[in-house]
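The values are calculated or read from the model by the stated rules, or taken from the named source; none is laboratory data. These numbers come from a predicted model, not from an experiment. Cβ placement follows ideal geometry from the backbone for every residue including glycine, while neighbour counts extend to all protein chains displayed.
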Amino acid sequence: MRGLRRLVGKAAARIADDAVRLSDAIWEFAEEPFREFKSASAIREFLGGRGFRLTKSFPMIPTAFEMRFGSGRPRIGLLAEYDALPDCGIEMGAWGHGCGHNLLGAASAMAAAIVAEAIGRGMVPSGSVVLAGCPAEESLAGKAYMARDGAFRGLDAVLAWHPSSENRVNPLGGAALDSVVFEFFGRTAHGASAHLGRSALDAALLMEHAVNILREHVPENVRIHSVITGGGTMPNVVPAYARLWYYVRGRDRKEVDGVSRRVTACARGAALATETRAKRTLLTAIYARLPNDTLADMLRSCMEEIGPPEFDSRDASELKKLGLKGEFARGIERDDKKQGRASSDEDTVSWLAPLGRFSLACFAEGPPGHHRDTTAQGRARFAHKGMLKAGQILAFAALRLMTDRNLLIKARDEFRRRTRGFRFDPLVPKGQIPPIRDRIPSAVPRPDGPPAEGR
C-alpha cells in the first residue's frame, strides 16, 4: 500500500496542472444536459492522450461514452459528470456549474489517468480501469438511459464522488424518483363561447388540485414536486393543450411506483371530469441506492490515508474577494447514515455493480448549492485543492481494489447478497429518446391531432 500511495502522490503532482485546466475548461463551457459536446470531448482528449481507448458510445446519447485502459479483471469503473445548471452562471440567466460538475468530471478523469499509469508500470497484477462519461445528471436522466442502453455492465466495482462543503462518505444515497409529464388535449373555442370548448388547462388545474389532496395520504418521506409548463396563450381562447411535469420521490422503487400510480389516477380523473384526453410520458426513473458497506469503509480509510484538503488564509481571502462568506471544512465527518431526500441517477448504477461514493470539500460552508455563488467558487484555488485530493482518493481506492483480491471479493459478495432475487429493470422505455430540452413538447399541438396514447 505504501508503494501505491507514493505512486498516486507522484502521479497526481505530474498531472495536476492538466487536471486543473480540464476543470476550468468545463467550467467555461457550462453546457446543458445532453448537450455537453465540448465537455465530453475535452475529457475524451485528456484520456485519449494517455492511452485510453473508446470502448462504448451511445447513438441516442452522443455526449455519453466509456473509455478503458488495460485488460482483463478486475475492471473498476469511475463515474464522471460534466453538465451545468440553468440560471447558475455568473451572469443572470446563463448556465453555470452550480453543482461543481466541472470539478467532478476532471477529478474522475485524473484518477483514471493515475490508475492507468500504475497499470502501465506493472504495479497492478492485472485489470483495467473504465471511465464512464455521464451526461445530464442534473436532469436525473443520463445514467438511467445509459444503463438502459448497456452501460456499466461487467464492472467489478464502481467509484464515485461529488464536490461538497464537507468531507464525508455517503453509503446510503438519496431517494428513488419518477420524472413524469402529463399532457391534456382538449378543444379550443372563443372565450365568449367557452361552452363549445373543452379546456386542457382546466384538466391540468384539476389534476394539480387532486395531487395536492393526495399529499395528505402518502408516507411522510414522499415528495411530489410539479410545474405547469404549458397552459394556453390568451385568456379569451380556451386552451386546447396543457402540460404538467412531476417529480415523485420515495424511499425505494416500490414506494415510488405506488405513489406514481395514484398520481396517474389523478390525471385520468381530471381528463374524465373535463372531457379531455390525457397522456402520460415517463421522462426518466431512478432507483434508490443499494449500499455497500465494504466499499464505504474502504473509501473512508482511503480518505484518511490521503487526507482531506487543507485550506488556509489565502483561501479565505479568495472567498472574500468573490464577495462570499463562509467557513471551510476541517477534518472528515462521520459517515452519513441517513438516506438523503434528493436524488441522483448514480444510484441506479449501484444495482448493476457495487458502488462506493464520497463527498469532498471544494466549497465553503454557507453559500447555497445550485446557485451562482457555488459556480463562482468552482474555479477558485481552494476548489482545485479539493478536486485534486478527490482524484487521489479515487485513484488510491481503485488501486486497492485491483491489488487486494480479498477486499474486492468481500465487496462483490455483499453486492450479490443484497441483490439476490433482483432483476434489473431500466425503467425508461426501450427506444425512447432521452429528454433533451428541445424535444420535450412545449408548443401547442394541433387541436385536431393529439398524439397517440403513450406510456
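Could you grab me the full set of residues in segment 413-455 that are farther than 24 Å from residue 141 by Cβ, exposed (fewer than 10 other Cβ atoms within 10 Å of the Cβ) and modelled with pLDDT under 65?
Correct list: 446, 448, 449.
Condition check: under 21 Å from residue 346 (Cβ atoms), among the basic types (Lys, Arg) and either at pLDDT 95 or above or more than 23 Å from the chain's Cα centre (by Cα) (or both). Does residue 68 satisfy that?
Values: under 21 Å from residue 346 (Cβ atoms): yes; among the basic types (Lys, Arg): yes; either at pLDDT 95 or above or more than 23 Å from the chain's Cα centre (by Cα) (or both): yes.
Spelling it out, residue 68 is indeed under 21 Å from residue 346 (Cβ atoms), among the basic types (Lys, Arg) and either at pLDDT 95 or above or more than 23 Å from the chain's Cα centre (by Cα) (or both).
Name the residue, out of 197, 269, 232, that is touching a Leu at 6+ places or on another chain (Cβ under 7 Å) and not polar (S, T, N, Q).
Working: 197 fails: touching a Leu at 6+ places or on another chain (Cβ under 7 Å); 269 fails: touching a Leu at 6+ places or on another chain (Cβ under 7 Å).
Being touching a Leu at 6+ places or on another chain (Cβ under 7 Å) and not polar (S, T, N, Q) holds for just one of 197, 269, 232, which is 232.
Given the criteria in a helix (DSSP H, G or I), in contact with a helix residue (DSSP H, G or I) (Cβ under 7 Å, 6 or more places away or on another chain) and in contact (Cβ under 8 Å) with a residue 40 or more places away in the chain, does residue 118 qualify? Steps first, answer last, please.
On the way: in a helix (DSSP H, G or I): yes; in contact with a helix residue (DSSP H, G or I) (Cβ under 7 Å, 6 or more places away or on another chain): yes; in contact (Cβ under 8 Å) with a residue 40 or more places away in the chain: yes.
Criteria met by residue 118.
Here are some residues: 296, 240, 271, 278. Which one is under 30 Å from the mean Cα position of the chain (by Cα), more than 29 Å from residue 373 (Cβ to Cβ), in the same structural domain as residue 196 (by TED's automatic domain parsing) and not charged (D, E, K, R)? Outline the logic, then answer.
Values: 296 fails: in the same structural domain as residue 196 (by TED's automatic domain parsing); 240 fails: under 30 Å from the mean Cα position of the chain (by Cα); 271 fails: under 30 Å from the mean Cα position of the chain (by Cα).
Testing whether each residue is under 30 Å from the mean Cα position of the chain (by Cα), more than 29 Å from residue 373 (Cβ to Cβ), in the same structural domain as residue 196 (by TED's automatic domain parsing) and not charged (D, E, K, R) leaves just 278.
Answer yes if at least one residue in segment 144-152 is without any contact (Cβ under 8 Å) to a residue 40 or more places away in the chain and surrounded by fewer than 22 Cβ atoms within 10 Å (Cβ to Cβ), and no otherwise.
Of all residues in segment 144-152, those without any contact (Cβ under 8 Å) to a residue 40 or more places away in the chain come to none.
No - not one qualifying residue is present in segment 144-152.
Conditions (1) surrounded by fewer than 19 Cβ atoms within 10 Å (Cβ to Cβ); (2) outside any strand (DSSP E or B); (3) among the acidic types (Asp, Glu), marked per residue:
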position: 212; (1), (2), (3): yes, yes, no
position: 215; (1), (2), (3): yes, yes, no
position: 220; (1), (2), (3): yes, yes, yes
position: 229; (1), (2), (3): yes, no, no
position: 234; (1), (2), (3): yes, yes, no
position: 244; (1), (2), (3): no, no, no
position: 248; (1), (2), (3): no, no, no
position: 255; (1), (2), (3): no, yes, yes
position: 259; (1), (2), (3): no, yes, no
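Helices (runs of 4 or more DSSP H) wholly in segment 331-440 with at least 2 residues that are within 22 Å of residue 95 (Cβ to Cβ) and among the hydrophobic types (A, V, I, L, M, F, W, C) - which ones?
Values: elements: 346-349, 372-377, 381-403, 405-418.
Answer list for segment 331-440: 381-403.
Mind checking whether some residue in segment 250-260 is among the charged types (D, E, K, R), in contact with a Gly (Cβ under 8 Å, 6 or more places away or on another chain) and in contact (Cβ under 8 Å) with a residue 12 or more places away in the chain?
No, there is no match, as no residue in segment 250-260 is among the charged types (D, E, K, R), in contact with a Gly (Cβ under 8 Å, 6 or more places away or on another chain) and in contact (Cβ under 8 Å) with a residue 12 or more places away in the chain.
Which residues, counting only those in segment 175-209, are in a helix (DSSP H, G or I) and closer than 16 Å to residue 245 by Cβ? Give the derivation first.
Within segment 175-209, the first condition is being in a helix (DSSP H, G or I), and the residues that meet it are 191-196, 200-209.
Of everything in segment 175-209, those that are in a helix (DSSP H, G or I) and closer than 16 Å to residue 245 by Cβ turn out to be 200, 201, 203, 204, 205, 207, 208.
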